[in-house]
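Enquirer: This is the structure, below, for whatever I ask next.
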């Protein structure tokens, strides 16, 4: 009897382990959505929340002067020479991403991100988006990568009705750091960029996104050609319709062959729970 029970246990144990692993994996966010939660009881964490909310905010898209305001956005050049063409292109890139963040139609969102740039959809990012739709929304879109991405955008933004979630911006606490490096760490993986964001905003929750679009030339191609890469991180303090302020860090890289700044990653630092995630 004992040997029979032991035999049944040996047969059943692997099945139990397999089922447990599947259930755990199903509830883990896809790998292109990397995040770390900050403890809400942490006093530094709460102080940051109060500090962000006491800043002066202006409506994000209440006027047509967004481009003009972005043109005045402070750019700090760190170990990197300032070139007028690069500065102008960088501000245009930041403005383009901000427009895409609050688009009410998919075509407007897509055009803001890709206008004038050689691009394709990023297969890894789209696969992760499909995984999120399957895991959290019980949706399994089919078609090409753009079709899947459109379903993802429509789902996450509730067909554009969430565009007003990002309502106002604090220009005084928004800036851009531009730097040149012969290390590829910041572009090697989304995890590296998320870790970088965590160092900028310690004790906060951080979530990271890789770009839904893959531009030509890629960061890898630029680095291989130039043996270095010029990076820019735009720090944008945005307030939401829930009266929460989120610092957003957009990462760009300079592509000399096309003379353009191309968006690569996004990190969001936050306090408290998140109700909306940006489509990047």
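Enquirer: With a/c under 1.5 counting as rounded, go ahead and sort the range 174-237 into rounded, prolate or oblate using the C-alpha gyration tensor (a ≥ b ≥ c being the square roots of the eigenvalues; past the cut-off, prolate if a/b is larger than b/c, else oblate). Before the final figure, lay out each step's value.
Expert: Numbers: a/c = 1.87, a/b = 1.64, b/c = 1.14.
Note, shape of the range 174-237 comes out prolate.
Enquirer: List 211, 110 from most exposed to least, where exposure is judged by having the fewest other Cβ atoms within 10 Å. Numbers along the way, then the final one.
Expert: Numbers: 211 23, 110 19.
Ordered by Cβ neighbours within 10 Å, fewest first: 110, 211.
Enquirer: Please give the peptides 187-193, 69-75 ranked by average Cβ packing (other Cβ atoms within 10 Å per residue), highest first, as a rough proxy for protection. Working shown, then result.
Expert: Details: 187-193: 18.0, 69-75: 15.4.
Highest mean packing first, the order is 187-193, 69-75.
Enquirer: Right, next: Need one number: convex hull volume per residue for the range 134-185, Cα atoms only, in Å³.
Expert: Working: hull volume 9.4 nm³, N = 52.
It comes to 180 Å³ per residue, whole-number rounded.
Enquirer: Cut-off is 10 Å between beta-carbons; in what order do 178, 95 appear when sorted fewest neighbours first? Don't jump to the answer; show the numbers that get you there.
Expert: Details: 178 23, 95 18.
Taking fewest neighbouring Cβ atoms as first place, the list is 95, 178.
Enquirer: Under a no-solvent Debye model with one identical scatterer per Cα of the range 127-280, what's log10 I(q)/I(0) at q = 0.09, 0.12, 0.18, 0.21 Å⁻¹?
Expert: These q points yield log10 I(q)/I(0) values of -0.33, -0.59, -1.21, -1.39.
Enquirer: Right, another one. Would you mind calculating the gained length between residue 139 and residue 228 on full extension (0.36 nm times residue separation, minus the Cα-Cα distance), in nm to one decimal?
Expert: Numbers: separation 89, 0.36 × 89 = 32.04 nm, distance 4.15 nm.
Answer, rounded to one decimal: 27.9 nm.
Taken together, the values in this text are just the output of simple stated rules run on the coordinates, not laboratory data. If you're wondering where the values come from, they're calculated on a predicted model, not measured in any experiment. Note that each Cβ is placed from the backbone with ideal geometry, even for glycine, and that neighbours are counted across all protein chains shown.
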